[in-house]
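Take a look at the structure below.
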Amino acid sequence: MSSRVGRLKHLIDWKFWPDDEVRLVLGLARKVKRHRWEYQGHMQGNTLVMLFQKTSTRTRVSFEAGMTELGGHAIHLDWNASNFTLSKVGLETRYLSRNASLIMARLRSNDDLREMERHASVPLINGCCNLYHPCQALADMLTIAEDRAARGKAEDASGANAARLVEGARVVFVGAYNNVVNSLVSICAALGVHLTLVCPLRPAESIDEEARQGLAGLGLLVETLDLRTAVQNADYVYTDTWLDMEYFNDPAYEKEKQRRIELMMPYQLNAEVLEGSSARIMHDMPIHPGYEMSEELVDDERSIIFDQAENRLDAQKAVMLHLLHELK
Ligand code: CP
């Protein structure tokens with residue numbers, strides 16, 4: 001069992017964290033990125049278990065690379081090749097807590113994640129479930145902070161005031177109301193970011209209504225279907241897949257996929273929609289060119305998509321360092 005004492009904390013979504021702690025972690029992410037090699041060895045002797053029930057490129061690579069750079073070790077555990085398929089989630093999680101310092105889990109169901117949370121005695125990080133994607137949202141805010149710093153917004157040398165860099169930014173998200181949106185809504189509330197949602201597709205089971213109302217109550221949320229006007233008033237325009245990743249190539253979802261494509265095609269981000277807009281273009285990847293975004297935009301001079309993907313590394317590092325620091 002872990003011999004650490006202190007406050008055990010998990011990251012399910014930013015809405016469960018106090019605002020000042022969200023700001024702190026964003027500042028740490030920027031600091032870790034700017035002073036990358038100073039953090040070498042900070043995870044020495046620690047093992048992260050990365051449990052995946054769904055596919056991943058960025059989450060897998062950035063968590064593992066992050067642990068490597070910090071001097072720790074990461075184990076990839078495929079849910080389907082593990083005994084999570086045979087036993088109870090709680091029992092398997094209790095075991096993981098005996099051999100690992102941290103657990104990151106990408107699960108299909110938030111219910112299973114919450115079951116892991118109830119049984120984990122080491123920090124548990126949500127690597128994306130059906131309801132939330134908090135690590136992505138942190139990387140998104142780090143990307144905006146860096147972009148605004150590059151454009152001359154004032155900051156201090158340590159990067160600790162990254163939250164002030166993002167405060168007041170105007171972000172437009174266009175796409176399906178999904179797990180990425182829920183975590184974006186939560187983090188925008190914590191950081192004072194203006195969010196405009198252009199979400200014609202709103203599956204009720206995907207929406208965290210409490211988080212949505214929280215951001216609206218702060219006067220930071222606009223919802224509209226007028227994409228062209230929205231992008232003209234935006235600093236950042238962000239889109240994501242129209243169909244949950246696990247269903248994209250599943251023949252059982254072909255009918256729903258076609259329905260969504262028909263509904264969402266008028267909301268594709270492309271050169272025509274973005275004409276005259278200086279908004280930076282964001283996408284959390286993987287991209288489905290020709291659907292939510294035309295391929296030409298990936299390398300458009302306004303695109304910061306690969307910076308955003310790169311920033312997953314420092315965002316994960318900051319989360320892991322913060323959660324283990326909490327235990328010391
Ligand atoms: N954005 C994101 O989470 O990427 P992966 O699904 O590839 O991990």
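For the stretch 267-300, which residues satisfy the criterion of being assigned to a loop (DSSP other than H, G, I, E, B) and touching a residue at least 60 places away in the same chain (Cβ under 8 Å)? Scanning the stretch 267-300 gives Ala279, Asp284, Met285, Pro286, Glu292.
At least 1 residues being within 16 Å of the ligand (Cβ to nearest atom) and either among the hydroxyl-bearing types (Ser, Thr, Tyr) or on the phi > 0 side of the Ramachandran plot (or both) is the threshold, and among the helices (runs of 4 or more DSSP H) wholly inside the stretch 117-196 those reaching it are 134-150, 179-191.
The C-beta contact set for the stretch 203-232 (first residue within 23 Å of Arg260 (Cα to Cα), second residue surrounded by 14 or more Cβ atoms within 10 Å (Cβ to Cβ) and basic (Lys, Arg), distance under 9 angstrom, 6+ apart or interchain) comprises Asp208/Lys15; Glu223/Arg212. All conditions in (1) surrounded by fewer than 19 Cβ atoms within 10 Å (Cβ to Cβ); (2) in contact with a Phe, Trp or Tyr (Cβ under 6 Å, 6 or more places away or on another chain) hold for Met264, with the sole exception of (1). Would you say Met293 is of a type in the set (A, V, I, L, M, F, W, C) and within 22 Å of the chain's Cα centre (by Cα)? Yes, satisfied. Taking the stretch 244-297 as the range and being within 16 Å of the ligand (Cβ to nearest atom) and in contact with a Gly (Cβ under 8 Å, 6 or more places away or on another chain) as the test, only Glu292 passes. Among (1) away from the ligand (no atom under 16 Å from the Cβ); (2) on the phi < 0 side of the Ramachandran plot, which single condition is Gly45 missing? With respect to (1) away from the ligand (no atom under 16 Å from the Cβ); (2) on the phi < 0 side of the Ramachandran plot, Gly45 is out only on (2).
Selection over the stretch 236-264 of residues that are over 30 Å from Arg170 (Cα atoms), aliphatic (A, V, I, L, M) and touching a residue at least 12 places away in the same chain (Cβ under 8 Å) gives a count of 0.
We did not get these values from a lab; they are worked out from the coordinates using the rules stated. Just so you know, these numbers come straight off a predicted model, no measurement behind them. Positions of Cβ are backbone-derived with ideal geometry, glycine not excepted, and every protein chain shown enters the neighbour counts.
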